[in-house]
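Taking it in order: structure first as structure tokens, then the write-up.
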Amino acid sequence: MKCVFKFLSIGLLFIFAVITISCEIGLGPSVDTETPVIEILSPEADAIIRDQFAIRGTWSDDGDIGSATVSIKRTDKKQSGEHKFDISFTKPSNGESKGTWSAIINPFKANIIDGSYVATVSFSDKGGHTVIQDRSFIIDNHAPVIILQRPSSSKDPSTEIDSYGQNFTLVGQAADDCNISLIEVNIFSDPELTDLKATVPLKNVPN
């Protein structure tokens, strides 16, 4: 009787072990245990961008992606708040959990003014894992504003024309939401601006 009970116990233990192993093997592919992997391909870090552009890259995961967003926030503190955009992502036809993603940014429609920004890309899978990556860039859609204060303009009859000797000075102001890397002063000898006498470059001009 004891032998029968012993063999019965061993048999039940063996069946339980087989069932347990089968369950582990069966649950393997359906369990999401890893954080998604993402890469930002464009824009490049600290790129200067004009007009509409795309933030895009690649993704992979051992499960399914639940949500994906891009938020853009200004970094120079001249404008508060952030802009959020949905991400569209592709998946291969063979069912692999990887592909590409992109978000189209239109600064004019989203009221994003010129300046320095950081984009935060966030991916969350259905297993509750989240990955975040940042990318900084500059949006510059407007030309600088330049004001020439001296010498006075001959086109204004109410203003007396400044007179100089051999040397003369030009005085003015420049402003832009981004840094002004270059101002060129072209000096002509005729009103038609056909006879260029000299070009004076001014680099890294502060606002």
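Give the residues of the stretch 169-207 that are in contact with a Pro (Cβ under 7 Å, 6 or more places away or on another chain) and part of a strand (DSSP E or B), sorted by residue number.
Ala174, Ala175, Ile180, Leu182, Glu184
Within the stretch 161-207, restricting attention to residues that are surrounded by 10 or more Cβ atoms within 10 Å (Cβ to Cβ) and hydroxyl-bearing (Ser, Thr, Tyr), which residue is farthest from Ala47 (Cα to Cα)?
Ser189
For the subset of the stretch 25-75 comprising residues that are surrounded by 14 or more Cβ atoms within 10 Å (Cβ to Cβ) and basic (Lys, Arg), which member is modelled with the lowest pLDDT?
Within the stretch 25-75, the match that is modelled with the lowest pLDDT is Arg74.
What residue, among those in the stretch 134-159 that are open to solvent by less than 60 Å² (accessible area, probe 1.4 Å) and modelled with pLDDT of 90 or more, is farthest from the chain's Cα centre (by Cα)?
Asn141
Applying the selection to the stretch 110-150, what residues are touching a Ser or Thr at 6+ places or on another chain (Cβ under 8 Å), of a type outside the set (A, V, I, L, M, F, W, C) and either part of a loop (DSSP other than H, G, I, E, B) or farther than 20 Å from Ile48 by Cβ (or both)?
Ser122, Ser124, Asp125, Gly127, His129, Thr130, Gln133, Arg150
Can you run down the residue pairs with Cβ atoms below 9 Å, 6 or more apart or on separate chains, where the first is in the stretch 135-150 and in contact (Cβ under 8 Å) with a residue 24 or more places away in the chain and under 17 Å from Leu182 (Cβ atoms) and the partner is surrounded by 15 or more Cβ atoms within 10 Å (Cβ to Cβ) and of a type in the set (Phe, Trp, Tyr)?
Qualifying pairs under 9 Å: Ile138/Tyr117.
For the stretch 76-111, what are the residues that are modelled with pLDDT under 90, under 14 Å from the mean Cα position of the chain (by Cα) and open to solvent by less than 50 Å² (accessible area, probe 1.4 Å)?
Scanning the stretch 76-111 gives no hits.
The values are calculated or read from the model by the stated rules, or taken from the named source; none is laboratory data. Keep in mind the model is a prediction, meaning the values are calculated, not measured. Virtual Cβ from ideal backbone geometry, glycine too; neighbours counted across all protein chains shown. The protein model used for the area step is the full one, side chains on, heavy atoms only, and it has no ligands, DNA or RNA in it. Shrake-Rupley method; radii C 1.70, N 1.55, O 1.52, S 1.80 Å.
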